[in-house]
Amino acid sequence: MNSGMRKLPVLLVFVMLSSTSGFAQKIKVGYDKNADFSKYRSYTWHAPAITQNRPLLTANVIGMIQSELQVKELVSMDQGGDLTLITHGGIDYGFGNTSGVTDDSCANCQKPLVDPLAWVGTQGPPGAGGTGLPKGTLEMHFIDRASNKVVWSGTVVQKLDPDKKEQSLEKVNAAIHKLLLEFPPKK
């Protein structure tokens, strides 16, 4: 009986590790090392419309991103934020890019610029890959509104099971939280 009690802590650690492995997210982040992130106090993001096929998931993603940015004391503005946030993603395979105009409407909007010589991190600068986004991917780009330069880009991939809604929502929240722990970057 005593040897069984010694095995219990090992068994508990194994169970804890195996249960958290299902929540593992793949994160890639890159940023402009010359950007002064301390000057950013606000952001503009025209969040995606709530889709009819997955309204709960879409609303959850939007709410979680807004909540995480609020904790970082970034104020959401309808227009004119210091940063413009562009997001792409979904649970289906697709293409994400920043080839269009920014989400902050203006008369002469142009594609955001990237300085590849100032870019660091595991995430390449936006537009560098041109590959499709795997299922369960969220891609985020922050653009400095004044310079129209991408200053931070991050991607998180999380496998989801649409039939397990509550578990999928927990995984999505954990993935967004983990991704935005990397924003702003620690220099």
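Nothing in this text is a laboratory measurement; each read-out follows from the coordinates by a stated rule. From a predicted model like this one, the values you see are computed outputs, not experimental measurements.
Here the Karplus relation 6.51 cos²θ - 1.76 cosθ + 1.60, evaluated at θ = phi - 60°, turns the backbone of the stretch 64-75 into coupling constants of 5, 4, 4, 4, 5, 6, 5, 4, 7, 6, 8, 8 Hz, with x for every Gly and Pro. Is there a pair in 135/165; 135/187; 39/171; 159/186; 39/149 whose C-alpha atoms are over 20 Å apart, and which pairs would that be? Beyond 20 Å: 135/187; 39/171; 159/186.
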